[in-house]
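Q: Following this message is one structure expressed as structure tokens.
The values are calculated or read from the model by the stated rules, or taken from the named source; none is laboratory data. In this text the structure is predicted, and so the values were computed from the model without any measurement. As a convention, Cβ positions derive from the backbone with ideal geometry for all residues, glycine included, and neighbour counts pool all protein chains shown. The protein model used for the area step is the full one, side chains on, heavy atoms only, and it has no ligands, DNA or RNA in it. Shrake-Rupley method; radii C 1.70, N 1.55, O 1.52, S 1.80 Å.
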Amino acid sequence: MPSSPEIVLEVRDLRVHFPVMAGAVMRKQVGSVKAVDGVSFDVRRGETLGLVGESGCGKSTTGLAVLKMIDITSGQVVFEGQDITGVDRAHMRPIRRRMQMVYQDPFGSLNPRMKVSQIVGEPLEVHGLAGNRAAYNERVASLLDMVGLLPDMADRYPHEFSGGQRQRIGIARALALEPSLIICDEPVSALDVSIQAQVVNLFQEIQERMGLTYIFIAHDLAVVRHISHRIAVMYLGRIVEIASRAELYKEPLHPYTQALLAAIPIPDPDVEASRPQQIITGEVPSAMRPPPGCRFHTRCPRVMDVCKTETPPMREMPGGRAVACHLYD
Amino acid sequence: MGAPLLSVKHLSTEFRTERGTVKAVDDVSFDLQAGETLAIVGESGSGKSVTAMSILRLIPNPPGRITSGEVVFDGQDLLKLDDHAIRAIRGNRIAMIFQEPMSSLNPSLTVGLQIAEPINLHRKTPWAKAMDMAAELLARVRLPDAKSRVKSYPHQFSGGMRQRGMIAMALACQPQLIIADEPTTALDVTVQAQILALLKEVTRAANSALILITHDLGVVARYADRVCVMYGGRIVEAGPAREIYARPKHPYTIGLMASIPRLDQEAGQRLVPIEGQPPNLAKLPPGCAFAPRCRRAADLCRTERPPLVQSAPDHLSACHFHAQLA
């Protein structure tokens, strides 16, 4: 990567709060789920930023908010130099050409009544880039080729494909508009183990070939670490640590990152036998009533008094990494 | 080693489907010693869950049917027992833990009652005493505030708490064998680790054997003594966990290990995927089911099904070329 890499996406203090309503007749807001609560990060051109965390940490909501597919409560999203936070729906359309999404569920995200050629080509039609029939067919064929599918598959329907092939169709659709940023939300977690590697490799090949930038969202830290250049670890709506993939494993700073790494078994009995097994207790608290101070303090093995009252700010650390923990005050 | 606690011999289970008869489990044999943890590893459709369900005769008929084999548990063939006798075994001497605790708990009964039920049923323990034992069991699986939680309903529990409840229920009658089918797949990573460590600890304390059904090679490495790898309804490799990881003797196992990212690996290496798709059980090839995806496949593999044979001491492989695999 060059010394001053171009920033493709800047997210500043992003908050997404969902209102919680109660009452059948007199509906009123009784609270809010702070799904994303003050998240900031940059994504550089050509890199993969991994967003990892357990359910309810806000990783998927962050992805949807960046695409403006849900309402942003506050904060700022700057994409390719343009502040898109306040851009309305109509003006988002040309911007969306540049940022696309690949979904988790390869079964639910493809319309079963559409042929593969229609699914992959639909973005071209929506954005008025379809051209004449021959050009359209050629474009679809080249997109299918790019993701390792055969041209004669264009006339088939999604049910004729396996999970891995369907995910390839989803990737081809995301590539149709030549985006610069693709947000991948758990793109391999529904796939069989032996198929995951095929799709992970495809993502990497396409990135190298087309210079794409990815945000890769997943709960499986081993997969995220494999594909990402940098990783942001999230917990209950906040980022607790951002580090390069090498540092994150070698020297995790935040106690939650340490706990997450310790929880994941390594597929080697000899390594496992010699690994200290420090498993943290408890479960993730409700995002409707997050703990005050550091949100991890209820489960943290190194909790101090200050953690229970004061929110630790994101602190820059040597080596271009950052951590939000009072241990590093 | 004495007689095994469980000996599955030539077990086959079929399902009748619209696309013809599917052999979900095909000639599966393995032994399990008392107190041992056996992992059955495989991907979706490999037959690992159907094997587990067949042991307890939980296969819905129709469409399913156990067509042949023996399941010898503590000296008696479970497949020959009448319905009354198998019910006396289920939840008593063999307990099962399922993947989805929410759908395997009754939502309209308290958790305590559901844990006490097998104690009352199998041991004829009076309800009041059985409820006290349920509270003790919930404390043993380290459910916070166990005494008052006995009266809670499943919906008042989180996913991890429900699975603790399921483990308490499985332990209720001190079974000799617990079968856990993907017990943590629906849980968060940190909770997964808690539940598996708990399961291992309580089975060890009670000297119960454990069959752990999973697709996760990391989980197998951390918890299993022995491993059966299944593919296309058959066991393709079996042996002690350390041996299988150190010297895998089947191209499918070798392929799986190369295709998963490891946390302790240098970052930035390419994964080596297994090409192709998992097999369609209704249309299995005549030879080795893995042959269409195998880099080493020869003509023999496409015509003749490889038998499961001894490849090294205590290490079985169903590959024609097991001897050539380094």
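Q: Provide the gained length on full extension for the span residue A:308 to residue A:22, in nm with one decimal, where the gain is 0.36 nm per separating residue minus the Cα-Cα distance.
A: 100.0 nm
Q: Let me ask something additional. Give the accessible surface of chain A per residue, rounded to a whole number of Å², with probe radius 1.4 Å and ligands, DNA and RNA excluded.
A: With all protein chains present, chain A gives 43 Å² per residue.
Q: Of A:126, B:112, B:324, which is farthest on the positive side of the dipole of the protein assembly as shown, counting Cα position, with +1 on Lys and Arg Cβ, -1 on Asp and Glu Cβ, and the Cα centre as origin?
A: Towards the positive end, the residue furthest out is B:112.
Q: Based on C-alpha coordinates, I'd like the Rg and Dmax of segment A:136-192, in Å.
A: 11.6, 33
Q: Note down the magnitude of the dipole of chain B about its Cα centre, charges +1 on Lys and Arg C-beta and -1 on Asp and Glu C-beta and zero elsewhere, to the nearest 20 debye.
A: The dipole of chain B has a size of about 300 debye.
Q: Would you grab the residues whose amide H sits under 5 Å from the one on residue B:37? Only those 5+ places off in sequence or on another chain, please, with H modelled 1.01 Å from N.
A: B:210, B:225, B:226
Q: Turning to a different aspect of this structure: List, by residue number, every residue in segment A:209-225 with a reduction of 40 Å² or greater in accessible area between the chain on its own and the complete protein assembly, 1.4 Å probe.
A: A:222, A:225
Q: Per residue of A:254-260, what is the mean number of Cβ atoms on other protein chains within 10 angstrom of that residue's Cβ?
A: 1
Q: Another question about this same structure. Hey, what's chain B come to in accessible area per residue, 1.4 Å probe, Å²?
A: 43
Q: I would also like to ask the following. Under the definition of partner shielding as Cβ atoms of other protein chains within 10 Å of a residue Cβ, what is the mean value for peptide A:185-197?
A: On the way: counts 0, 0, 0, 0, 0, 0, 2, 9, 12, 15, 8, 5, 12.
Whole-number average of other-chain Cβ neighbours for A:185-197 is 5.
Q: A follow-up question, please. Along the charge dipole of the protein assembly as shown, which of B:277, A:86, B:309 sits closest to the positive end, that is, farthest toward it, with unit charges on the beta carbon of Lys, Arg, Asp and Glu (+1, +1, -1, -1)?
A: A:86
Q: For every other residue with a beta carbon closer than 13 angstrom to the beta carbon of residue B:154, add +1 if it is Lys or Arg and -1 if Asp or Glu, then tell me the sum.
A: Computed value for this residue: +3.
Q: Arrange the residues B:145, B:26, A:42 by how much accessible surface each exposes, largest first, with a 1.4 angstrom probe.
A: Largest to smallest exposure gives the sequence B:145, A:42, B:26.
Q: Turning to a different aspect of this structure: If you place +1 on the Cβ of every Lys and Arg, -1 on the Cβ of every Asp and Glu, and leave all else neutral, what size is the dipole of segment B:105-174 about its Cα centre, to the nearest 20 Debye?
A: Value, rounded to 20: 80 debye.
Q: Also, quick follow-up: Rg over Rh of the protein assembly as shown, using C-alpha atoms and the Kirkwood radius, what does it come to?
A: That ratio equals 0.98.
Q: Here's a follow-up. With every protein chain in place, what's the accessible area of residue A:309 (1.4 Å probe, Å², nearest 10)?
A: Solvent-accessible area, nearest 10 Å²: 100 Å².
Q: What angle do you read, to the nearest 10 degrees and between 0 and 90, between the alpha-carbon axis of helix B:159-171 and the longest principal axis of chain B?
A: Value to nearest ten degrees: 80.
Q: Summarise the partner chain shielding of B:207-219 as one whole number: the mean count of Cβ atoms from other chains within 10 Å of each residue's Cβ.
A: Neighbouring Cβ atoms belonging to other protein chains average 2 per residue here.
Q: Along the charge dipole of chain A, pointing to its positive end and built from +1/-1 on Cβ of Lys, Arg, Asp and Glu, which listed residue (A:116, A:306, A:74) has its Cα farthest out?
A: Sorting the options by dipole projection puts first A:74.
Q: Another question about this same structure. Probe 1.4 Å, all protein chains in place: accessible area of residue B:227 in Å², nearest 10?
A: 0
Q: A further question on this structure: May I ask you to list the trypsin sites (Lys or Arg not before Pro) in segment A:1-48 that are in a DSSP loop and have at most 11 other Cβ atoms within 10 Å of their Cβ?
A: Passing both the DSSP loop test and the Cβ count: A:27.
Q: If the rule is a partner Cβ under 4.7 Å, which cysteines in chain A fail it?
A: Taking the Cβ cut-off of 4.7 Å, the unpaired cysteines of chain A are A:57, A:184, A:300, A:325.
Q: At 1.4 Å probe size, with the rest of the protein present, what percent of the exposed accessible area of the protein assembly as shown is carbon and sulfur atoms?
A: On the protein assembly as shown, the fraction of accessible area on carbon and sulfur atoms equals 51 percent.
Q: Pairing the Cα long axis of helix A:193-210 with the longest principal axis of chain A, what angle in degrees results, from 0 to 90 and rounded to the nearest 10?
A: Long axis of A:193-210 versus the principal axis of chain A: about 70 degrees.
Q: Kindly provide the GluC sites (Glu not before Pro) of segment A:224-329 that DSSP labels as loop, not H, G, I, E or B, and whose Cβ sees at most 15 other Cβ atoms within 10 Å.
A: When the GluC sites (Glu not before Pro) of segment A:224-329 are filtered for loop state and at most 15 Cβ neighbours within 10 Å, A:310 remain.
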